[in-house]
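Bear in mind that the values in this text are calculations on the coordinates, not laboratory data. In this text the structure is predicted, and so the values were computed from the model without any measurement. Quick reminder, even Gly has a Cβ in these numbers, built from the backbone with ideal geometry, and neighbours come from all protein chains shown.
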Amino acid sequence: MRVKLALKTLCTLGLALILNACCSGSCKNVKKDPNDTREPLECPWTDKNETVLDCPWAGVARLLRQTASKDQKAIVTQQVPELADQIEKDLKNNAVIEKSWGHSLNFDENAQRAIIDEDIIVLLSQWLNIKDPDGDQVHAGVAHTYGYIFSLLHTPYGYKRARWIEGEIEKGLGLPEKIFHPKTKEGSFLSNVTYFAGRVGLRDSADAQIEIKKLEPSVSPALIELHYELLKTRRLREVLPEVEIRTDFVAFKDKSIKDQYLLIYSYKLKDEDPKLITLFPVKTGFYEKTLATQLLGENQEISDHYNAFIPHVTGEKEKRKGNRRVEIK
């Protein structure tokens, strides 16, 4: 503890040759660019299970906690200008992005804490000109991409930004590196994620596909050229009179990575276009458990998952029961 406090003191004094990582108790001897005027970030905090992959994102999030709301946008722009550029690009597509996603709850049931700091999710929503959060309800697309990048909540499954910074999704699907990355150089972060998830998760809605394809001038060419019809996909449909919840499992082509499927979660209200909620890699065991035969058929319990806010399901006093069935594309 004394060592950590001493290192933090050195950082405060602005010693230019001390790495950002030193502030967390994990030093490396790399020179700081003398022309870099950005405030040193405390990252990674190894005692919080952070690694270099969590940087600079966790460090920026901690700095934002110390910054007045009116100055937070300037901090993001200064510290991670590449991400600020991504947001500006996605802002041009905000109408399609807002329409394509549903809402999720900014609360982790395991940790019993908010996933994203409230002022950060408000900052991101306003920057993208998307409706402000309504209590715990937040726009799922904003929360599960940019919001997760700045989340400081360590869950039993690790940090939620991992899905975007580790590169597993791209490798599993045989796509170029960093397409779904906050510093992507092809397209823009949230537009790329929305386009891919929409082509798969919203594929049975002609109206939704019209909206999704409006993103094509702004997304990575590799996503447009992808043969979606060749993806090996299984869909779990959970059907109630008012709403259908869909869980798509896309099999990864690369079997060398730790996860074997990409899960894409969405729902569709009666007489409305479907909405995306989230996507993340999962292991074979999770896939098999979710699609277990004994859980299929009529009169099965249906509930919401993955922090989703699903009308007629989330917050209901009694568990709903309906039909659960699996379809192969």
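Data table
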quantity	calculated
Links that overshoot a 27 Å alpha carbon limit, given the list LYS185/LYS214; LYS48/LYS99; LYS131/LYS213	LYS48/LYS99
Förster radius 30 Å - calculated FRET efficiency between LYS329 and LYS70 (Cβ-Cβ, nearest 0.05)	0.05
Using θ = phi - 60° and Karplus 6.51 cos²θ - 1.76 cosθ + 1.60, couplings along region 295-300 (whole Hz; Gly, Pro as x)	9, 9, x, 7, 6, 9
Theoretical gain in end-to-end length, GLU229 to GLN300 [0.36 nm per residue, Cα-Cα removed]	22.5 nm
Neighbourhood net charge (13 Å Cβ-Cβ; Lys/Arg +1, Asp/Glu -1) for ASP132	-4
Principal-axis tilt of helix 81-91 within the chain, Cα atoms, nearest 10 degrees	30 degrees
Nearest-20 debye value, the chain charge dipole, Cβ charges on Lys, Arg, Asp, Glu	800 debye
In degrees, nearest ten, helix 69-79 long axis to first principal axis of the chain (Cα)	80 degrees
Mean separation of Cα contacts under 8 Å, 6 or more apart, over the residue count of the chain: relative contact order %	13 percent
Two-site label geometry, ASP254 and ALA111: point separation in nm, points 7 Å out along Cα→Cβ	2.7 nm
Debye, to nearest 20: dipole size of region 229-328, +1 on Lys, Arg Cβ, -1 on Asp, Glu Cβ	380 debye
For region 72-131 and region 260-329, distance of Cα centres in Å	25 Å
Order of VAL239, VAL250 under a 10 Å beta carbon neighbour criterion, fewest first	VAL239, VAL250
Alpha-carbon centroids, region 160-212 and region 226-257: separation in whole Å	14 Å
Helix 118-127 vs. the chain, principal-axis angle (Cα, 0 to 90°, nearest 10)	80 degrees
